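Participant: One structure, as structure tokens, below. Some questions next.
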Amino acid sequence: MIEVATGRFTVGVFQDVAWARKGIDALKRAGLPVEALSIMAKESADVTKLIEEALGASGDRLETAATGALAVRGPLVAALQGPTGDFSKLGIAGTMRRVGFQAHDGRIFEVLTARGGVLVAIHSEPRAADSLAILHSYGGGNAAIGAWTGRV
């Protein structure tokens, strides 16, 4: 059985770096701390620059069969790695259950990210509704709060 993490993530996928930057800037203006933000996208110079500018540090490189090389940074990465560090094997689709999403949500996030989308996540349960509204307002597709805590 896969463990479901305590605390929730709010996740949305932006169509590209430009839209993700607008959404991230809005999240910061709303007072969400940088350490609560995560970014995950196909590795590129633009994504690397976005991570460095938005989160103040360079991202890590992870590779999965479904998405290829990803540039990643933030608390979502550790939550998806889980105790066995199997994110590279299971990918986004196979690990999003750890943060309260159902398998079909993970599959959607994975497909959108593989197509060049920028996944942005916020780890802030008290501000989940605020985060969701901002993600929707700035083009975060399939934005949702990971609240499913059924058996997985």
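Participant: Inside the range 132-144, can you point out the residues that are within 17 Å of L112 (Cβ to Cβ) and either in a helix (DSSP H, G or I) or β-branched (V, I, T) (or both)?
Facilitator: So the first thing to find is which residues in the range 132-144 are within 17 Å of L112 (Cβ to Cβ), and the list is 132, 135-136, 138-144.
The answer is L132, L135, H136.
Participant: Now, a different point. So which strands (runs of 3 or more DSSP E) are wholly in the range 1-93 and hold at least 3 residues that are closer than 18 Å to F109 by Cα, in contact with a helix residue (DSSP H, G or I) (Cβ under 9 Å, 6 or more places away or on another chain) and of a type in the set (A, V, I, L, M, F, W, C)? Talk me through it step by step, then tell me what you get.
Facilitator: On the way: elements: 9-14, 37-42, 60-64, 68-73.
Fully inside the range 1-93 and qualifying: 9-14, 37-42, 68-73.
Participant: Now, a different point. Looking at the range 95-110, which of its residues are in contact with a strand residue (DSSP E or B) (Cβ under 9 Å, 6 or more places away or on another chain) and assigned to a helix (DSSP H, G or I)? Outline the logic, then answer.
Facilitator: Pass one, the range 95-110, residues in contact with a strand residue (DSSP E or B) (Cβ under 9 Å, 6 or more places away or on another chain): 96, 99-101, 105, 108-110.
Result: M96, V99, D105, I108, F109, E110.
Participant: How many residues are crowded, with 24+ Cβ neighbours inside 10 Å and without any contact (Cβ under 8 Å) to a residue 40 or more places away in the chain when one looks only at the range 96-107?
Facilitator: The number of residues fulfilling the criteria is 0.
Participant: Now a separate question. Of all residues in the range 111-132, which are out of contact with any helix residue (DSSP H, G or I) (no Cβ under 7 Å at 6 or more places or on another chain), farther than 12 Å from Q15 by Cβ, buried (at least 16 other Cβ atoms within 10 Å of the Cβ) and among the hydrophobic types (A, V, I, L, M, F, W, C)?
Facilitator: Within the range 111-132, V111, A114, A128, L132 qualify.
Participant: Output the number of the condition that G82 fails; it satisfies all remaining conditions of (1) at pLDDT 95 or above; (2) more than 19 Å from G116 (Cβ to Cβ); (3) out of contact with any strand residue (DSSP E or B) (no Cβ under 7 Å at 6 or more places or on another chain).
Facilitator: For G82, the failing item is (1).
Participant: Return the pairs, sorted by first residue and then second, in which the second residue is in a strand (DSSP E or B), the first residue lies in the range 10-35 and is under 13 Å from E52 (Cα atoms), the beta carbons are less than 7 Å apart, and the residues are 6+ apart or on different chains.
Facilitator: V17/V118; I24/L37; I24/V120
Participant: Let me ask you something else. Check whether at least one residue in the range 34-47 is of a type in the set (A, V, I, L, M), over 13 Å from V118 (Cβ atoms) and under 12 Å from the mean Cα position of the chain (by Cα), and report yes or no.
Facilitator: So in the range 34-47, the residues of a type in the set (A, V, I, L, M) come out as 34, 36-37, 39-41, 45, 47.
In the following step, the residues that additionally are over 13 Å from V118 (Cβ atoms) were identified as 34, 36, 45.
Subset that is under 12 Å from the mean Cα position of the chain (by Cα): 36.
Taking every residue of the range 34-47 in turn, at least one turns out to be of a type in the set (A, V, I, L, M), over 13 Å from V118 (Cβ atoms) and under 12 Å from the mean Cα position of the chain (by Cα).
The values are calculated or read from the model by the stated rules, or taken from the named source; none is laboratory data. Because the structure is a prediction, the values reported are computed rather than measured. All Cβ positions, glycine included, derive from the backbone under ideal geometry; neighbour counts span all protein chains shown.
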